[in-house]
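Asker: Dropping the structure in here first, questions after.
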Amino acid sequence: MGIFLADSEPSFERWLSERLDGFAPGIAAEAERWTRVLRDGGPRSLPRQQSTVWLYLNGARPALLGWSDRYDHLREVTREDVLTHLKTLHGHHRRDRLGALRSLFAWAKRSGLIFRNPPVASRSARASTACSNRSHPARSTAPSRLPPPRPRDGFSPSPRCTPPGSPR
């Protein structure tokens, strides 16, 4: 019948305005555009699930709040600022925050808002557990009685996982 008119504010809009509260105006405007592109998609990006959008903005929020005290725009953030912020975090918190910041700055660079992508060369979040000590007797602290595992069926470990001095 067309009698009912939905005039309530969508929950996403309310959540977004709460999350952007406290940002510098230039940073808030760009973070809002980035969040909307994540949610709705863009000419060259697919829309993400709402949980991903929440995770990314909540992950980037503490860094953006800290930078809002000193800077007016994302263009002013340097690689040293990103590394300094990441040094305060450990484990999955660091990995998640770095992922959110990489997404934000990659979008800003593609959009022409910034000239350099500060977190692009940040490898501090990578875990150094790519190789375990059990597979490398040279790195183990206890003597091993078992010989090192041999490659099977043409599989050879990556050069990063081979002990120093061994043939590759």
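Asker: Considering only DSSP states other than H, G, I, E and B, which trypsin sites (Lys or Arg not before Pro) in region 1-92 qualify as loop sites with at most 12 other Cβ atoms within 10 Å?
Answerer: In loop regions of region 1-92 (DSSP not H, G, I, E or B), the sparsely surrounded trypsin sites (Lys or Arg not before Pro) are Arg44, Lys87.
Asker: Turning to a different aspect of this structure: Around Ala24, which amide H atoms from residues at least 5 apart in sequence, or from another chain, sit under 5 Å from its own amide H, with H modelled in the peptide plane?
Answerer: Under 5 Å from the amide H of Ala24 lie the amide H atoms of Ser68, each far enough along the sequence or on another chain.
Asker: Loop only by DSSP, 16 or fewer other Cβ within 10 Å of the Cβ. Give me the chymotrypsin sites (Phe, Trp or Tyr not before Pro) in region 59-126 that pass, ordered by residue number.
Answerer: Phe115
Asker: Using all C-alpha to C-alpha distances in region 37-79, build P(r) with 10 Å bins and read off the rounded percent in each one.
Answerer: 26, 37, 35, 2
Asker: Return the distance in nm (one decimal) between the two label points of a simple spin-label model at Arg70 and Thr84, each offset 7 Å from Cα along Cα→Cβ.
Answerer: 0.3 nm
Read the figures in this text as sums done on the coordinates, not as results from a lab. The structure presented is a predicted model; accordingly, all values stated were derived computationally and were not measured. Note: ideal-geometry Cβ built from the backbone for every residue, glycine included; neighbour counts use all protein chains shown.
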